[in-house]
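Visitor: Below is one structure. I have some questions about it.
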Amino acid sequence: MTDFYPSNSDAIIRSLGRERLTAILQKMLLIRHFELRAEAAYQQGHIGGFFHSYVGQEAIQTAACEVIDHTNWFATSYRCHALALLLGATPDALMAELFGKESGNAHGRGGSMHMFSDHMLGGFGIVSNQISAAAGAAFSAKYRGTKEISVCFLGDGAMAQGTFHETLNLSSLWSLPCLFVVENNEWGMGTHVSRAVANSEQFSGLLAKAYNIESMKLDGMDFFNCYGGFEEAYKKVRTSGRPFVIECLTERFKGHSISDPGLYRTKEDLKRCMERDPIPLLKNTLVAKGIITEADYEAIDKACRERVLASLKFADESPFPGLKTLGTGVYVEEGP
């Protein structure tokens, strides 16, 4: 049995209240519908390049962004659509970006792996590349004397990268206010974490301890466990100015990317993990506690679905960048 942080869901429900809990459920449903509809658009040829879905992991970043003030700094991997939505980017701007349109989040130049918002440093297309950038943001905050922290989301595939080790070491030596969040969905592309990381059951905790950093493990399928853990970790980083490591055990319901059929998982394994879908888990708890009704849930779900459908229409009808502007933002060294 995994030793998760001992959060109190009843206390969290009382502190958040009906309005915020309903909004949280809405955010998770918006992410789910956005990913599913965008994946369908990819398969229909409207979207090119790579596409990495966040379906199944919604509880983690939703909880983190509910706890941590958005004036802090955030960085993540190429699985970045959800974080951009949570930090204020609109479905229209993100869908248009996926379509490569001028009205997109990066004017059609970034695509699926490079979303951003005002305090989101971006999605990073290279495994572990965001880790050192997040530490840099933490260093900047400390140097400037602000109360900001930096939040870095990474996958289990990045845990064994040298950048992670080096950055943890430096962050501890320099006491950088950086919260490292490992979203362990168990599959770094197609290789199970147990075959890629020695002592995978305790790796993140042992690694943090080796660099004199506190850590905790969370149930990434349980919004309330994530919320409680992030609340505690955020307080610690803010008050101590020290780094902190969180490992969230989760499952992605799709392949590593849209081109990955996921044949390394059996149908039975996938069915088993989907029984702990974070959205029904949250919904069922809210219904059982009398926070919402089944009819409320259906109305929220419908509204999110329609919002994403509207973003598809917006993206489809938006213009592509003009040929004369294709070089905008591209660095060109001038000659003598």
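The values are calculated or read from the model by the stated rules, or taken from the named source; none is laboratory data. Since we're looking at a predicted model, the values are computed, not measured. Heads up, the Cβs are rebuilt from the backbone with ideal geometry, glycines too, and the neighbour counts pull from every protein chain shown.
Visitor: Would it be correct to say that Cys248 is within 12 Å of Ile60 (Cα to Cα), in contact with an Asp or Glu (Cβ under 8 Å, 6 or more places away or on another chain), part of a helix (DSSP H, G or I) and at pLDDT 90 or above?
Guide: Working: within 12 Å of Ile60 (Cα to Cα): yes; in contact with an Asp or Glu (Cβ under 8 Å, 6 or more places away or on another chain): yes; part of a helix (DSSP H, G or I): no; at pLDDT 90 or above: yes.
Judged against the criteria, Cys248 is not a match.
Visitor: Filter region 265-304 down to residues that are surrounded by fewer than 17 Cβ atoms within 10 Å (Cβ to Cβ), closer than 15 Å to Glu58 by Cβ and charged (D, E, K, R), then give me how many there are.
Guide: 1
Visitor: Also, quick follow-up: Could you list, ordered by first residue, the pairs with Cβ atoms under 9 Å in which the first is in region 4-20 and under 18 Å from Ala288 (Cβ atoms) and the second is of a type in the set (Gly, Ala, Ser) and part of a helix (DSSP H, G or I), at least 6 apart or interchain?
Guide: Here the result reads Ser7/Gly228; Ser7/Gly229; Asn8/Gly228; Ser9/Gly228; Ala11/Gly228; Ile12/Gly228, each pair linking region 4-20 to a residue that is of a type in the set (Gly, Ala, Ser) and part of a helix (DSSP H, G or I).
Visitor: Please state which one of Ser215, Ser200 is in a strand (DSSP E or B), in contact with a helix residue (DSSP H, G or I) (Cβ under 8 Å, 6 or more places away or on another chain) and without any contact (Cβ under 8 Å) to a residue 60 or more places away in the chain.
Guide: Numbers: Ser200 fails: in a strand (DSSP E or B).
Answer to the selection: Ser215.
Visitor: Of all residues being modelled with pLDDT of 95 or more and hydroxyl-bearing (Ser, Thr, Tyr) in region 1-19, which is surrounded by the most Cβ atoms within 10 Å (Cβ to Cβ)? Just the residue, please.
Guide: Ser9
Visitor: In addition: Among all residue pairs at least 6 apart or on different chains, which show Cβ distances below 7 Å where the first residue, located in region 125-148, is within 15 Å of Asn169 (Cβ to Cβ) and free of Cβ contacts under 8 Å to residues at least 24 places away in the same chain and the second is part of a helix (DSSP H, G or I) and hydrophobic (A, V, I, L, M, F, W, C)?
Guide: From region 125-148, no pairs qualify.
Visitor: Still on this structure, please answer the following. For region 105-116, what are the residues that are over 25 Å from Gly162 (Cβ atoms) and surrounded by fewer than 20 Cβ atoms within 10 Å (Cβ to Cβ)?
Guide: If we filter region 105-116 for residues that are over 25 Å from Gly162 (Cβ atoms), which is where we start, we get 105-112, 115-116.
Passing the criteria: Ala106, His107, Arg109.
Visitor: Residue pairs, Cβ under 9 Å, 6 or more apart or interchain, first in region 262-283 and closer than 18 Å to Leu29 by Cα and without any contact (Cβ under 8 Å) to a residue 60 or more places away in the chain, second surrounded by 14 or more Cβ atoms within 10 Å (Cβ to Cβ) and among the hydrophobic types (A, V, I, L, M, F, W, C). List them.
Guide: Arg276/Met221
Visitor: Also, I was wondering about something else. Kindly indicate the residue of region 128-154 that is in contact with a strand residue (DSSP E or B) (Cβ under 7 Å, 6 or more places away or on another chain) and part of a loop (DSSP other than H, G, I, E, B) and also surrounded by the most Cβ atoms within 10 Å (Cβ to Cβ) among those meeting that condition.
Guide: Filtering region 128-154 down to residues in contact with a strand residue (DSSP E or B) (Cβ under 7 Å, 6 or more places away or on another chain) leaves 128, 130-131, 133-135, 137-138, 141, 148-154.
Applying the additional criterion that residues be part of a loop (DSSP other than H, G, I, E, B) yields 128, 148-149.
Details: Ser128: 22, Glu148: 18, Ile149: 26.
Filtering region 128-154 for residues that are in contact with a strand residue (DSSP E or B) (Cβ under 7 Å, 6 or more places away or on another chain) and part of a loop (DSSP other than H, G, I, E, B), the one surrounded by the most Cβ atoms within 10 Å (Cβ to Cβ) comes out as Ile149.
Visitor: Whether any residue in region 290-298 is farther than 18 Å from Glu39 by Cβ, of a type in the set (Val, Ile, Thr), touching a helix residue (DSSP H, G or I) at 6+ places or on another chain (Cβ under 9 Å) and free of Cβ contacts under 8 Å to residues at least 12 places away in the same chain is what I want to check. Lay out the reasoning, then the answer.
Guide: The first filter runs over region 290-298 and keeps only residues farther than 18 Å from Glu39 by Cβ, leaving 290-298.
Now drop any that are not of a type in the set (Val, Ile, Thr), which leaves 291-293.
Right, trim to touching a helix residue (DSSP H, G or I) at 6+ places or on another chain (Cβ under 9 Å) and you get 291-293.
Still in the list and also free of Cβ contacts under 8 Å to residues at least 12 places away in the same chain: 293.
Among the residues of region 290-298, at least one is farther than 18 Å from Glu39 by Cβ, of a type in the set (Val, Ile, Thr), touching a helix residue (DSSP H, G or I) at 6+ places or on another chain (Cβ under 9 Å) and free of Cβ contacts under 8 Å to residues at least 12 places away in the same chain, which makes the answer yes.
Visitor: Right, next: With Phe253, Phe230 as the choices, which residue is in contact (Cβ under 8 Å) with a residue 40 or more places away in the chain, in contact with an Asp or Glu (Cβ under 9 Å, 6 or more places away or on another chain), part of a loop (DSSP other than H, G, I, E, B) and not charged (D, E, K, R)?
Guide: Values: Phe230 fails: part of a loop (DSSP other than H, G, I, E, B).
Just one listed residue meets the conditions, Phe253.
Visitor: Looking only at residues that are among the acidic types (Asp, Glu) and modelled with pLDDT of 95 or more in region 305-335, which one is surrounded by the most Cβ atoms within 10 Å (Cβ to Cβ)? Spell out the reasoning first.
Guide: Quick first cut of region 305-335, residues among the acidic types (Asp, Glu) only: 306, 316-317, 333-334.
Those still in the list that are modelled with pLDDT of 95 or more too: 306, 316-317.
On the way: Glu306: 11, Asp316: 13, Glu317: 11.
So the residue we want is Asp316.
Visitor: How many residues are surrounded by fewer than 18 Cβ atoms within 10 Å (Cβ to Cβ) and of a type outside the set (Ser, Thr, Tyr) if we restrict to region 22-36? First the steps, then the outcome.
Guide: Kept after step one, since they are surrounded by fewer than 18 Cβ atoms within 10 Å (Cβ to Cβ), are these residues of region 22-36: 22-23, 26, 36.
Subsequent filtering for residues that are of a type outside the set (Ser, Thr, Tyr) retains 23, 26, 36.
Looking only at that region, the number is 3.
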